[in-house]
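S.K.: Got a structure for you, questions after.
The values are calculated or read from the model by the stated rules, or taken from the named source; none is laboratory data. Bear in mind that the values here come from a model prediction, so they are computed numbers and not experimental data. Please note: Cβ atoms are built from the backbone with ideal geometry, for glycine as well, and neighbour counts cover all protein chains shown. Just the protein is used for accessible areas: all its heavy atoms, side chains included, with ligands, DNA and RNA removed. Shrake-Rupley method; radii C 1.70, N 1.55, O 1.52, S 1.80 Å.
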Amino acid sequence: MRSSNPVFSRRGFSRDNGYAGFNAQPQAGGAAAVGTQTNPPNPYAGAGQQAPTNPYANNPYAQQGLQGAPPQTPVTTGRMTMDDVVMRTATTLGVLVVTAALAWALLPVDDANISRSIGIAIGAGLVAMILGFVQAFKRKASPPLILTYAALEGVFLGVVSSVVDNRIASGAAMQAVLGTMAVFLGVLVAYKAGWIRVNRRFYGFVMAAALGFILLMAVNLLFAVFGGGDGLGFRSGGLGIMFGIIGILLGACFLALDFKQVEDGIAYGAPREEAWLAAFGLTMTLVWIYMEFLRLIAILQGND
């Protein structure tokens with residue numbers, strides 16, 4: 001299975017190589033050979049399908065004979081754990097929040113400075129996007145690259161949030177933060193409770209919906225750039241509100257896919273450095289949700 005986030009489509013996070021995929025089945029035989037590890041049972045695997053190879057089977061930190069479950073001994077030192085994911089995600093988001101706060105404070109958006117501040121924000125956003133694509137296609141996680149991405153993304157978000165909060169909708173930034181936190185906690189609870197089942201059908205629906213959403217927004221942007229105004233109106237008025245809600249719902253679905261990838265990574269004994277990729281993917285999803293909330297609040301309050 002390929003995740004909603006491009007960072008999870010690299011080696012180790014795709015169906016093609018068997019890791020964290022829905023085709024995984026336990027390998028034949030009982031205990032694993034020395035230095036190998038069998039895949040955990042997968043309720044989504046079809047009958048008669050050949051079990052793919054776990055790319056982390058040769059991980060020297062993977063304890064043999066555990067059917068893919070993380071060992072409960074100090075042997076887990078080199079394997080990704082939930083604590084690793086939480087710490088890396090907190091670090092990445094912390095860098096983003098700090099740079100966003102600095103950009104808010106140091107890049108004013110009054111009439112005399114707004115053009116310069118927005119120019120810096122757009123430049124930072126473009127570089128962050130490029131770094132994001134570079135990391136997405138790298139075979140290994142690069143913590144400096146990920147943290148640089150987070151810092152530049154923070155500059156972009158800080159200025160955009162300041163513009164919306166100070167010139168369009170007072171208090172929008174805090175409302176967007178609270179909304180993002182609520183969605184994250186809600187999806188986490190629903191996922192852990194089993195109310196959301198991430199299977200092939202769920203994945204296919206989310207990816208099809210996301211592709212359609214992104215294409216529509218791209219067309220709307222082109223019409224806005226070359227035709228002026230609000231383009232096709234997908235980001236203003238009633239249509240803007242509807243598409244803002246759809247964007248938030250898609251972000252929530254992305255979170256469920258990310259949680260599934262993290263869960264499978266831990267179960268398959270992924271190396272500890274994979275936690276940085278998990279943090280990168282979660283950060284991208286949370287930025288998506290925050291931006292959709294910010295746009296939605298700006299439309300709602302701007303219409304008052």
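S.K.: If you find the alpha carbon centre of the stretch 147-179 and of the stretch 245-288, how far apart are they in angstrom?
M.R.: 22
S.K.: Put 84, 111 in order of accessible area, largest first, 1.4 Å probe: what do you get? Working shown, then result.
M.R.: On the way: 84 15, 111 125 Å².
Final ranking, largest accessible area leading: 111, 84.
S.K.: Let me ask something additional. Tell me, what does the Kirkwood hydrodynamic radius of the stretch 102-174 come to in angstroms if you use every pair of distinct C-alpha atoms? List each step's numbers first, then the result.
M.R.: Numbers: mean 1/r = 0.0773 Å⁻¹.
One decimal place: 12.9 Å for the Kirkwood radius.
S.K.: Compute the Cα gyration tensor for the stretch 134-256, then decide on rounded, prolate or oblate, letting a ≥ b ≥ c be the square roots of its eigenvalues: rounded whenever a/c is under 1.5, prolate when a/b is larger than b/c in the other cases, and oblate in all that remain.
M.R.: Values: a/c = 1.37, a/b = 1.22, b/c = 1.12.
Cα axes put the stretch 134-256 in the rounded bin.
S.K.: Using a cut-off of 15 Å between beta-carbons, work out the net charge of the residues near residue 100 (Lys and Arg +1, Asp and Glu -1, residue 100 not included).
M.R.: -2
S.K.: Moving on to the next point. For residue 203, tell me the accessible area in Å² from a 1.4 Å probe, rounded to the nearest 10.
M.R.: About 50 Å², ignoring ligands and nucleic acids.
S.K.: With a 1.4 Å probe and every protein chain left in place, tell me how much accessible area residue 297 has, in Å² to the nearest 10.
M.R.: Using a 1.4 Å probe on the heavy atoms, I get roughly 20 Å².
S.K.: Ignoring ligands, DNA and RNA, what accessible area per residue does the stretch 174-222 give at 1.4 Å, in Å²?
M.R.: Values: 3150 Å² over 49 residues.
I get 64 Å² per residue for this part.
S.K.: How charged is the neighbourhood of residue 270? Take every other residue with its Cβ under 10 Å from the Cβ of residue 270, and add Lys/Arg as +1 and Asp/Glu as -1. If you can, show how the numbers build up before the last one.
M.R.: Working: positive: 79, 272; negative: 84, 264, 273, 274.
Taking every Cβ under 10 Å from that of residue 270, the sum is -2.
S.K.: Going by accessible area, probe 1.4 Å, with all protein chains left in place, what is the ranking of 79, 235, largest first? List each step's numbers first, then the result.
M.R.: On the way: 79 5, 235 60 Å².
Accessible-area ranking of 79, 235, largest first: 235, 79.
S.K.: For a test of the definition: using alpha carbon positions, the gyration tensor, and the 1.5 limit on a/c, classify the stretch 162-213 as rounded, prolate or oblate.
M.R.: Note, shape of the stretch 162-213 comes out oblate.
S.K.: Could you order 241, 146 so the one with the most accessible surface comes first? Probe is 1.4 Å.
M.R.: On the way: 241 45, 146 0 Å².
Sorted descending by solvent-accessible area, the residues read 241, 146.
S.K.: Give, as a single signed number, the net charge of other residues whose beta carbon lies under 14 Å from the beta carbon of residue 85, with Lys and Arg counted +1 and Asp and Glu -1.
M.R.: Numbers: positive: 79, 88, 260, 272; negative: 83, 84, 258, 263, 264, 273, 274.
In short, -3.
S.K.: Oh, and also: Take the Cα pairs of the stretch 130-205, get the Kirkwood Rh, then feed it into Stokes-Einstein at 20 °C and 1.002 mPa s and tell me D in µm²/s.
M.R.: Details: Rh = 15.6 Å.
Rounded to a whole number, D works out at 137 µm²/s.
S.K.: Also: Please list, in order along the stretch 267-276, the HN-Hα scalar couplings obtained from phi with the Karplus expression 6.51 cos²θ - 1.76 cosθ + 1.60 (θ = phi - 60°), rounded to whole Hz, x for Gly and Pro.
M.R.: 5, 8, x, 5, x, 4, 5, 5, 4, 5
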